[in-house]
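The values are calculated or read from the model by the stated rules, or taken from the named source; none is laboratory data. As the structure is a computational prediction, the values presented were derived from the model and not from experiment. Cβ placement follows ideal geometry from the backbone for every residue including glycine, while neighbour counts extend to all protein chains displayed.
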Amino acid sequence: MIEVKNLTKKFGDFVAVDNISFKVKKGEIFGLLGPNGAGKSTIIRMLSTLARPTSGTATVGNYDITKNDGEVRSLIGLVSEKMILYDLLTAKENLWFFGKLFNLSKEVLLRRIDELLDLVQLSEWKNSQVGTFSTGMRQRMNVIRALLNMPEVLFLDEPTLGLDPQSSVEIREFIRKLNRENKTTILLTTHMMVEADMICDRIAIIDCGKIVALDTSSNLKKSISGVDTTMLKIGIKNLTQDLIKSMRTLKCVESVTQENSTYIKVHAHGEEAFDAIIDSIRTKKGKINSIENLQPTLEDVFLHITGHEVRDKADQKIPLERHRGFMPKNRVR
Ligand SMILES: Nc1ncnc2c1ncn2[C@@H]1O[C@H](COP(=O)(O)OP(=O)(O)OP(=O)(O)O)[C@@H](O)[C@H]1O
Ligand SMILES: [Mg+2]
């Protein structure tokens, strides 16, 4: 349903999307998972014909995104990062306005508005101004706004961003339902590992504009959990930075992540890894409270492949303004 070949997007000298290729099958939920600034929204913007690629090609439903942009638009629904709703209009008026942009007839549109509001349990608020809605209600509106034309392909850019756990679960259940019942092909972006894990059939992990891994969640996890791999969560009563530093120097240790003042997560390889880790704690006079053998998570896969955690980039390397499109020209990567 979607075929992307060597797609690249540059802003000046800066390469936001770097020669990526992937295919999404009809009826699949495909996730683009990556930290802030990885290039996820730029990919969605290109595929939904809002931005032109610098090079490379892509088709959506066999239509070329640059040559047949009109056809592509009639096939797709887009839930972008920003909520596109008018606060002073009611739920019904908002949907009416956007439905009219799709040239839907009055009859079809009125029926669809009722069905969609019902689907996300907003029928009661049909005649209330959207400005009075909670964030969760607004996001549900934002999602159904993109479904008015019954799209075969739905692009969802961070569909649960800023929602509380309850609303996030509701949106995820809705996405699954839509996919199951209407066979809608869904391409979603997220920086939440758990979200990608829960709803995506396959996941492309994106870092610095490149796809660094692409597979099902379980295969991605398997790829780092060979017989040779050890993943431990260790509670140490008197945890120090010195102890962590010394553990990182062990040949068998690939990464040590500090979770809080007591717990560390250690990813290591080799038959001797377990003994070497315990020995290094004892050498630094660490008092072990607990040891748990962990199954790898998608976060571990990301860390393993990129050498840094997802939040590393989001919190430290890329200041907030850059996420909003205010990109300094001399970006250092
Ligand atoms: N119009 C633009 N002009 C200049 N730089 C841009 C523009 N749009 C995006 N960028 C830059 O391209 C990079 C990728 O941005 P993009 O918004 O695609 O990332 P993202 O993965 O969606 O991040 P987030 O998780 O924060 O939404 C960022 O460094 C961003 O600042
Ligand atoms: Mg984005």
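In the stretch 141-176, what residues are within 16 Å of ligand 1 (Cβ to nearest atom) and over 17 Å from the mean Cα position of the chain (by Cα)? Within the stretch 141-176, N142 is the sole residue that qualifies. Residues in the stretch 52-87 that are in a loop (DSSP other than H, G, I, E, B), away from ligand 2 (no atom under 13 Å from the Cβ) and either buried (at least 18 other Cβ atoms within 10 Å of the Cβ) or not charged (D, E, K, R) (or both): P53, T54, G61, N62, I65, T66, N68, M83, I84, L85, Y86. Considering the stretch 183-238, the residues that are among the aliphatic types (A, V, I, L, M) and farther than 26 Å from S41 by Cβ include one that is nearest to ligand 2 (Cβ to nearest atom), namely I224.
A quick yes/no check of all residues on (1) farther than 22 Å from E81 by Cβ; (2) free of Cβ contacts under 8 Å to residues at least 60 places away in the same chain; (3) of a type in the set (D, E, K, R):
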{"site": "W125", "(1), (2), (3)": "yes, yes, no"}
{"site": "S134", "(1), (2), (3)": "no, yes, no"}
{"site": "P151", "(1), (2), (3)": "no, no, no"}
{"site": "S167", "(1), (2), (3)": "no, yes, no"}
{"site": "R172", "(1), (2), (3)": "no, yes, yes"}
{"site": "T185", "(1), (2), (3)": "no, no, no"}
{"site": "A213", "(1), (2), (3)": "yes, no, no"}
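Tallying residues that are within 30 Å of the chain's Cα centre (by Cα) and surrounded by fewer than 19 Cβ atoms within 10 Å (Cβ to Cβ) within the stretch 99-111 yields 2. Residues in the stretch 29-78 that are more than 16 Å from ligand 1 (Cβ to nearest atom), among the basic types (K, R) and farther than 15 Å from N149 by Cβ: K67 only. Look at (1) surrounded by 13 or more Cβ atoms within 10 Å (Cβ to Cβ); (2) farther than 29 Å from V15 by Cα and you find that N260 fails only one, number (1). Annotation: of all residues in the stretch 180-219 being small (G, A, S) and part of a strand (DSSP E or B), the one that is modelled with the highest pLDDT is A204.
The single condition among (1) within 16 Å of ligand 2 (Cβ to nearest atom); (2) polar (S, T, N, Q); (3) farther than 23 Å from I171 by Cβ that T49 does not meet is (1). When we screen L78, L50, L7, L89 for residues that are in contact (Cβ under 8 Å) with a residue 60 or more places away in the chain and not β-branched (V, I, T), the only hit is L78. Exactly one residue out of S217, S246 is in contact (Cβ under 8 Å) with a residue 60 or more places away in the chain and surrounded by 12 or more Cβ atoms within 10 Å (Cβ to Cβ): that is S217.
Note on the stretch 204-227: residues that are touching a helix residue (DSSP H, G or I) at 6+ places or on another chain (Cβ under 8 Å) and closer than 21 Å to E254 by Cβ total 10.
Taken over the stretch 279-298, residues that are at pLDDT 85 or above and either of a type in the set (S, T, Y) or outside any loop (DSSP other than H, G, I, E, B) (or both) amount to 11. Counting residues in the stretch 137-156 that are among the acidic types (D, E), assigned to a helix (DSSP H, G or I) and in the same structural domain as G61 (by TED's automatic domain parsing) gives zero. For the stretch 267-297, a residue qualifies if it is closer than 11 Å to L250 by Cα and in contact with a strand residue (DSSP E or B) (Cβ under 7 Å, 6 or more places away or on another chain), and the qualifying residues are A268, H269, A273, I277.
Does D87 count as modelled with pLDDT of 95 or more and closer than 21 Å to T132 by Cβ? Criteria met by D87.
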